[in-house]
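The values are calculated or read from the model by the stated rules, or taken from the named source; none is laboratory data. All figures in this text were calculated on a predicted structure; none of them were measured in a lab. FYI the Cβ positions are ideal-geometry reconstructions off the backbone, even for glycines, and counts take in every protein chain you see.
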Amino acid sequence: MTSREDWQRRLGPLYGGAVALVSSTPWRWPSEVADDTRSPAWIVIMGLPIGLVSWAVALGARAAGLHYIIAALLGLAMLTVASAALIERGLGEQIDRWTGTTGSPATTVALVFVTMLRAVAIAVVEPRDWLPVFLATALAGRWAAVFLQALGDAIDVDESSRSLVAIPAPAWLVGAISIAVAVVIVLALGKAGILAIALIALAAFMLGLSAQRREGGLSAPVVAVAAALGELVVLLVATIH
């Protein structure tokens, strides 16, 4: 049987990407390709192929003759599928924690509302803007998750679970990731992208304070909430004309 060390030798610097692929997407790899060193850089970088696949699905649906709104919604659905619905599941789990119940009506209402808001937002985006918007959305959500973790204490990583949890990153790496994502968002949304970045950073900061006060620290569901806010902000800002 191929060991983890063998995979590390085979993949070299790309091993971190394989770990991120296993831990934050539905992609299946041998069980040996997993460890507790989930690189924050690779967690964010995985947003690129996810955004590209989502755009390709929307573009393909449009080319097949479907109405552009339906095509956009299919692309948005692929965004969720390609991320293994980690954000949606985590958001639901965190709302259950806040309400103190499992599967509460508040959780259902919140998830439906967020889903509808995302759907309406992508539906009004022009097809020519799909590629930059899908890329910016996928990257922004994952960046929000990493940015929040840079502000708080480290989260224990469960190797058997898929999540956006990453190992603590040095300040220079968080800064480099933030600048790179900011450039993509500004290129995608124009000057409004600056507003999106500021709102996401503020939301992550406030969410971190709330988690510290209520739960004593961060958790995987809280990180998913930050990612959900990041994606939602980009989609809403994309509707600004």
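Can you confirm whether residue 103 is farther than 22 Å from residue 131 by Cα and in a helix (DSSP H, G or I)? In short, no. Do you know which residues across region 116-132 are of a type outside the set (Gly, Ala, Ser), in a helix (DSSP H, G or I) and touching a residue at least 24 places away in the same chain (Cβ under 8 Å)? Within region 116-132, 117, 118, 122, 127, 129, 130, 131, 132 qualify. Where helices (runs of 4 or more DSSP H) fall entirely within region 137-241, those with at least 3 residues that are surrounded by fewer than 19 Cβ atoms within 10 Å (Cβ to Cβ) are at 171-189, 192-215. Is it fair to say residue 30 is over 14 Å from residue 164 (Cβ atoms), within 14 Å of the chain's Cα centre (by Cα) and either at pLDDT 95 or above or not acidic (Asp, Glu) (or both)? No: the conditions fail for residue 30.
Being touching a Leu at 6+ places or on another chain (Cβ under 8 Å) and either of a type in the set (A, V, I, L, M) or over 27 Å from residue 134 (Cβ atoms) (or both) is true of residue 204.
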